[in-house]
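Following: one structure in structure tokens, then a few remarks.
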Amino acid sequence: MSSTATDYEETAVRAGRELEEATAQEILRWAADTFGGRFCVTSSMEDAVVAHLASSVFPGVDVVFLDTGYHFAETIGTRDAVAATMPVNVITLTPRQSVAEQDAEYGPNLHDRDPDLCCSLRKVEPLNRGLGGYDAWATGLRRDESPSRANTPVVSWDARRRKVKIAPIARWTQEDVDAYVAANGVLLNPLLWEGYTSIGCSPLSCTRKPAEGEDARAGRWSGSGKTECGIHL
Ligand code: SF4
């Protein structure tokens with residue numbers, strides 16, 4: 001009998017409990033064994049840590065990237081380097097409208113006037129569409145990134161999309177990430193060396209370098225009260 005969405009809801013809740021203390025590789029091994037080709041990794045191309053971890057247990061794994069049309073050139077370059085050098089299948093999702101088409105309908109610089117709508121059009125809708133062929137998706141969310149991510153489960157039920165959501169490095173600290181990157185020569189977005197600690201779209205209203213003492217995501221939609229693009233809400 002094939003599994004249904006309801007089956008996977010129970011699976012997700014149970015796995016969230018049972019894998020809380022598991023290593024990232026053990027969590028990803030469970031995902032690969034449970035979902036096979038109906039599992040993917042999403043990456044913002046800030047780094048290739050989760051893609052690297054996933055490819056080590058599941059070579060050829062799909063790595064989904066959202067190309068909003070507003071990315072830094074360094075982010076697109078990181079995406080291309082990942083595709084060229086790692087045993088993964090990079091899939092680029094795009095919004096229904098180009099930036100020019102969006103400007104024509106909503107006016108220019110929607111990100112400055114209504115970032116929630118801009119993220120909905122350029123991130124959330126394309127991701128929801130792109131995840132249609134999968135039962136489970138992995139992200140690089142970590143509990144230490146910001147207060148809004150402090151309770152991230154390692155495995156949970158994404159009720160809005162009716163999929164299993166996996167955060168294999170949820171329990172990692174920045175030091176854990178740095179050690180893994182150093183030990184494995186993992187690709188990083190070069191903007192990390194320029195002082196950015198969380199890299200999203202290039203408009204200043206969406207991504208700036210954090211000031212001394214601010215948390216890693218403080219430079220995202222700074223001053224707007226917005227902390228998440230909507231993908232993880
Ligand atoms: S991060 Fe900024 S530019 Fe990118 S989709 Fe969201 S509001 Fe638009």
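The values are calculated or read from the model by the stated rules, or taken from the named source; none is laboratory data. In this text the structure is predicted, and so the values were computed from the model without any measurement. Every residue, glycine among them, receives a Cβ derived from its backbone with ideal geometry; neighbour counts consider all protein chains shown.
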* Taking the options Gly133, Gly219, Gly225, name whichever one is within 15 Å of the ligand (Cβ to nearest atom), modelled with pLDDT under 95, farther than 17 Å from Val49 by Cβ and out of contact with any strand residue (DSSP E or B) (no Cβ under 8 Å at 6 or more places or on another chain). => Gly225
* Test for Leu187: is it within 13 Å of the ligand (Cβ to nearest atom) and at pLDDT 95 or above -> no
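Table: residues versus (1) within 14 Å of the ligand (Cβ to nearest atom); (2) hydroxyl-bearing (Ser, Thr, Tyr); (3) outside any strand (DSSP E or B); (4) surrounded by fewer than 20 Cβ atoms within 10 Å (Cβ to Cβ).
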position	(1), (2), (3), (4)
Gly77	no, no, yes, yes
Asn89	no, no, no, yes
Pro108	yes, no, yes, yes
Leu127	yes, no, yes, yes
* Structure fact -> For the range 190-205 the number of residues that are within 17 Å of Arg143 (Cβ to Cβ) and within 14 Å of the ligand (Cβ to nearest atom) is 1
* Asked: Which pairs have Cβ atoms under 8 Å, sit 6 or more apart or on different chains, and link a residue in the range 201-225 that is within 22 Å of Gly77 (Cβ to Cβ) to one that is among the aromatic types (Phe, Trp, Tyr) and more than 12 Å from the ligand (Cβ to nearest atom)?
  -> Thr207/Tyr196; Lys209/Tyr196; Gly219/Tyr196
* Asked: Can you find a residue in the range 153-161 that is among the β-branched types (Val, Ile, Thr), surrounded by fewer than 20 Cβ atoms within 10 Å (Cβ to Cβ) and not in a loop (DSSP other than H, G, I, E, B)?
  -> no
* So which residues in the range 129-151 are touching a helix residue (DSSP H, G or I) at 6+ places or on another chain (Cβ under 9 Å), surrounded by fewer than 19 Cβ atoms within 10 Å (Cβ to Cβ) and outside any loop (DSSP other than H, G, I, E, B), if there are any at all? -> Gly133
